[in-house]
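Reading through the structure tokens given below for one structure.
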Amino acid sequence: MPANDLPGRVRVVEVGPRDGLQNETELVSLADKLRLANALAASGLPQIEIASFVSPKWIPQMADAPELVKAFVAPPGVAVSALVPNDKGYDAALSAGIKEIALFMSATESHNKKNINKSSREAIDTLEKLTVRARQDGLRIRCYLSVVFVCPYEGKTDPEKVKQIVDRLVSIGIDELSLGDTIGAATPSDVWHILDRVGGSLNKDKIALHFHDTRGTALANVLAGLQAGVSIFDASIGGLGGCPYAPGASGNLATEDLVYMLQGMGVETGIDLEKLVDAGEIAQEITKRKLPGRYLQACLAGRAKSLKQAETCR
Ligand code: HMG
Ligand code: MG
């Protein structure tokens, strides 16, 4: 039983193939992306954000999104979503077979301009039009609101501004809203505060939290979110990632670290941690570097030493 009235089950949304790989400067082959997606799906993750249909001039790593989505066969029970910024991306995602889009905008004017070359007003208008299209096409609509706590260009974000945008996003009819600590600057009290501000606008079961771990507070922030009743968390295998248009943003919270903590607290995820480590090993192979995920490193060190030691990681 989870302690202190925490949610009994959490849905983990794996964003490594998108948020993680978008930050890798060296292009990863389609075959390697597919290998990673298949390994992630085999771990029992309920949702994988597989790619983004953004401009390849802005994010060259995502240029093969249509091919990847078409090639990836999700096992039953694994939802596949993709980031979509505009009509062009929407058309491409739809024809590739995407059934859930992830829209995105930021809580500040400057980050919207840097990330999507739009003002906040233009960004909301675009999201509204895309939501209408997605409703007509029967797609599920996830939406990210970035720099909810701190903006790399404007500093601390005004919670009142966040609430106003959240209210507008709720009114246009999104299914789920992921609140992003894009540069990993929030602490648990910030999380409680923002959830308190937006809690009246949106049911807790429609709120996801998306933490980057730049300053090491991501797991503490997850705990704060759990205590506030949130049960959807985004994470990235091995702690891959960052936002290319947010200086100082480092990797997302590592999926294995999140799942390890949840399992230890008696919170169900349906995810096989050992298979997640297998996926993390693949993520290291394809990015050709050691990833920051702590559980991943502890387990891989154990596996390398002996099977007996690996058993103790479980
Ligand atoms: P723009 O330059 O203003 O767009 O970019 P444009 O409409 O003027 O088009 C410029 C060119 O891009 C044209 O090509 C378009 O066809 C093409 P040209 O005529 O010059 O040959 N183009 C596209 N091509 C393919 N797919 C498309 C597309 N759109 C235009 N969808 C745009 C505007 C939004 C496209 C651009 O700014 C962009 O792609 N931005 C995406 C940036 C990005 O991906 N950032 C990272 C993701 S957000 C994130 O990581 C945060 C998150 O994780 C949450 C958190 O951590 O907080 C979600
Ligand atoms: Mg992110």
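The values are calculated or read from the model by the stated rules, or taken from the named source; none is laboratory data. It should be emphasised that the depicted structure is a prediction, and the values quoted were computed from it without experimental measurement. Glycine also receives a Cβ, built like all others from the backbone with ideal geometry; neighbour counts cover every protein chain displayed.
Quick one: which residue in SER106, SER146, SER119 is more than 18 Å from SER178 (Cα to Cα) and either in contact with a strand residue (DSSP E or B) (Cβ under 9 Å, 6 or more places away or on another chain) or among the polar types (S, T, N, Q) (or both)? Walk me through how you get there before you give the answer.
Numbers: SER106 fails: more than 18 Å from SER178 (Cα to Cα); SER146 fails: more than 18 Å from SER178 (Cα to Cα).
Being more than 18 Å from SER178 (Cα to Cα) and either in contact with a strand residue (DSSP E or B) (Cβ under 9 Å, 6 or more places away or on another chain) or among the polar types (S, T, N, Q) (or both) holds for just one of SER106, SER146, SER119, which is SER119.
Selection of the stretch 119-137 for residues being assigned to a loop (DSSP other than H, G, I, E, B) and either within 16 Å of ligand 2 (Cβ to nearest atom) or in contact (Cβ under 8 Å) with a residue 12 or more places away in the chain (or both) yields only ASP137. One residue stands out in the stretch 252-277 among those that are in contact with a helix residue (DSSP H, G or I) (Cβ under 6 Å, 6 or more places away or on another chain) and of a type in the set (Val, Ile, Thr): the one that is farthest from ligand 1 (Cβ to nearest atom), namely VAL277.
Assess whether LYS118 counts as being modelled with pLDDT of 95 or more, crowded, with 17+ Cβ neighbours inside 10 Å and within 13 Å of ligand 1 (Cβ to nearest atom). Taking the combined requirement at face value, the residue satisfies it. If only residues of the stretch 144-158 that are under 21 Å from the mean Cα position of the chain (by Cα) and not in a strand (DSSP E or B) are counted, the one that is surrounded by the most Cβ atoms within 10 Å (Cβ to Cβ) is VAL148.
Residues that are farther than 23 Å from GLY20 by Cβ, within 16 Å of ligand 2 (Cβ to nearest atom) and in contact (Cβ under 8 Å) with a residue 24 or more places away in the chain do not occur anywhere in the stretch 75-97.
Does the stretch 203-232 hold any residues that are in a loop (DSSP other than H, G, I, E, B) and in contact (Cβ under 8 Å) with a residue 60 or more places away in the chain, and which are they? Give the steps one after another, and end with the answer.
Initially, the stretch 203-232 is screened for residues in a loop (DSSP other than H, G, I, E, B), giving 203, 213-217, 228-231.
Within the stretch 203-232, ASP213, GLY229, VAL230, SER231 qualify.
Within the stretch 46-61, the set of residues being touching a helix residue (DSSP H, G or I) at 6+ places or on another chain (Cβ under 6 Å), within 15 Å of ILE101 (Cα to Cα) and more than 6 Å from ligand 1 (Cβ to nearest atom) comprises ILE48, GLU49, ILE50, ALA51. When PRO66, PRO2 are checked against the criterion of being at pLDDT 95 or above and out of contact with any Lys or Arg (no Cβ under 8 Å at 6 or more places or on another chain), a single residue qualifies: PRO66.
Okay, residues lined up against (1) part of a helix (DSSP H, G or I); (2) farther than 17 Å from ARG142 by Cα:
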position: ARG168; (1), (2): yes, no
position: SER178; (1), (2): no, no
position: ALA185; (1), (2): no, yes
position: HIS193; (1), (2): yes, yes
position: SER201; (1), (2): no, no
